[in-house]
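Only one structure is covered here, and it is reproduced in the block below.
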Amino acid sequence: MRLKGEIHNPCCDEEEEKVAEENGRELNSIVGVGISPPAKLVVGYALTSKKKKSFLQPKLLGLARNMGIFFIAIDLNRALSDQGPFDVVLHKLAGKEWSEIIEDYRQKHPEVTVLDPPNAVQHLHNRQSMLQGVADLNLSDCHGKVGVPKQLIVTKDPLSIPNEVDKAGLKLPLVAKPLLVDGSAKSHELFLAYDQCSLSELEPPLVLQEFVNHGGVLFKVYIVGEAIKVVRRFSLPNISKRELEKLAGVFRFPRVSCAAASADDADLDPSIAELPERPLLENLARQLRQRLGLRLFNVDMIREHGTKDVFYVIDINYFPGYGKMPDYEHIFTDFLLSLVQSKHKKRPAT
Ligand SMILES: O=P(O)(O)O[C@@H]1[C@@H](OP(=O)(O)O)[C@H](OP(=O)(O)O)[C@H](O)[C@H](OP(=O)(O)O)[C@H]1OP(=O)(O)O
Ligand SMILES: Nc1ncnc2c1ncn2[C@@H]1O[C@H](COP(=O)(O)OP(=O)(O)O)[C@@H](O)[C@H]1O
Ligand SMILES: [Mg+2]
Ligand SMILES: [Mg+2]
């Protein structure tokens, strides 16, 4: 925690100016009435403009300010070590150059909580390494099973895909996903493949994943440190055997489970809509947090149609769209405060 007056506050765009204005209003009002400055938490952020807009909403900034938490934009044109000082750094920017900057900063400033370490984030930029952790989890309790759909990685020669799929024993239909996830629209361009021959039309590098019928509903499990929030989203409908026999080809499908596809208020079959049990989610989140070394992520989970508790994780996203998570402003401010508290607890008594 720091005292006031230590903050450097560079403004780069409209969003940042708004944030700085919110912060400044608080600083001036305290100085003006001569109250001694309270301890405060300074959070530096390096986010895309889309993310700044969706995450730094007035309801978060206002609540945070009342709790002594101030968000300060990191100036990408200046050395990171010359800025701040920060208690926490939040970041989600693409590119190797940024990863190196933030890793270097993390090593030189162990007193700052960097959310999250770039090498751990990197793990989620590849759809193969992303799900490796899940396959190795130990979730053998009575609240359900969590696995990963059977999948195959293809890095070259599209003409060999039909044969490779055959050898691996993958069952059709398949979902084809770009192997690398870099935040681009292209990395979210997904295809459904209904027959083996057409698979050679796809462009590697890819993950080919068995399509799991799940009743058209997906569970988005948001994790913020130890907090978990789960929402329902619409997803792809079941594909019947009959339909599969009739169809051939590969078809691109749109972003079916985006925020606009919320299914929380829909009138759904309870056996499809019922959320995964809380102990299962807690166990999953705890183990993933440890294994991935991340505190800010979400997990896309589906329930195998016709079962009560057989789940598959199909996607994990770093620093997802928390702005759409119900109650995110409280969850996030509590989380930021808990970081400082745990830091204080760890400090040896003098
Ligand atoms: O754009 P939003 O707010 O829907 O958030 C996206 C996430 O949506 P979700 O919160 O899961 O509904 C989205 O999740 P999905 O991959 O769509 O499941 C990604 O996390 C996306 O980041 P990136 O493009 O992979 O870097 C996220 O995009 P960024 O906001 O990080 O650019
Ligand atoms: N193995 C699968 N079985 C059934 N549906 C799937 C599968 N994988 C993906 N989907 C559907 O495709 C959507 C996008 O896939 P996802 O892996 O989450 O990619 P993205 O990173 O672009 O969100 C999911 O929300 C879900 O509707
Ligand atoms: Mg997804
Ligand atoms: Mg994703």
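For the stretch 175-204, enumerate the residues that are touching a helix residue (DSSP H, G or I) at 6+ places or on another chain (Cβ under 7 Å), part of a strand (DSSP E or B) and away from ligand 1 (no atom under 16 Å from the Cβ).
Residue satisfying the conditions is A193 alone.
Out of the residues in the stretch 208-255 that are loosely packed, with under 12 Cβ neighbours inside 10 Å and more than 16 Å from ligand 3 (Cβ to nearest atom), which is farthest from R291 (Cα to Cα)?
In this case the residue turns out to be K246.
If you go through the stretch 317-345 one residue at a time, how many are at positive phi and either open to solvent by 30 Å² or more (accessible area, probe 1.4 Å) or more than 16 Å from ligand 4 (Cβ to nearest atom) (or both)?
1
What number of residues in the stretch 297-317 are part of a strand (DSSP E or B), away from ligand 1 (no atom under 16 Å from the Cβ) and out of contact with any Pro (no Cβ under 8 Å at 6 or more places or on another chain)?
1
A quick yes/no check of all residues on (1) surrounded by fewer than 12 Cβ atoms within 10 Å (Cβ to Cβ); (2) at pLDDT below 75:
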site: E26; (1), (2): no, yes
site: I30; (1), (2): no, yes
site: S36; (1), (2): yes, yes
site: K40; (1), (2): no, no
site: Y45; (1), (2): no, no
site: T48; (1), (2): no, no
site: K52; (1), (2): no, no
site: A64; (1), (2): no, no
site: G68; (1), (2): no, no
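Among the numbered conditions (1) part of a loop (DSSP other than H, G, I, E, B); (2) surrounded by fewer than 17 Cβ atoms within 10 Å (Cβ to Cβ); (3) in contact with a helix residue (DSSP H, G or I) (Cβ under 8 Å, 6 or more places away or on another chain), tell me where L294 comes up short.
Here L294 clears every test but (2).
Return yes or no: is L268 more than 30 Å from C197 (Cα to Cα), assigned to a loop (DSSP other than H, G, I, E, B), at pLDDT 95 or above and away from ligand 4 (no atom under 16 Å from the Cβ)?
yes
Farther than 30 Å from V310 by Cβ and touching a Gly at 6+ places or on another chain (Cβ under 8 Å): which single residue out of L90, L159, L115, L76 fits that description?
Result: L90 is the single residue among L90, L159, L115, L76 that is farther than 30 Å from V310 by Cβ and touching a Gly at 6+ places or on another chain (Cβ under 8 Å).
So which residues in the stretch 116-146 are modelled with pLDDT of 95 or more, closer than 25 Å to G169 by Cα and either part of a loop (DSSP other than H, G, I, E, B) or open to solvent by less than 20 Å² (accessible area, probe 1.4 Å) (or both)?
Selection gives R127, M130, L131.
The values are calculated or read from the model by the stated rules, or taken from the named source; none is laboratory data. Note that the coordinates shown come from a computational prediction; the quantities given were computed from them, not determined experimentally. Note that we place each Cβ from the backbone using ideal geometry, even for glycine, and neighbour counts take in every protein chain shown. In case anyone asks, the SASA skips ligands and DNA or RNA and just uses the protein heavy atoms, side chains included. Shrake-Rupley method; radii C 1.70, N 1.55, O 1.52, S 1.80 Å.
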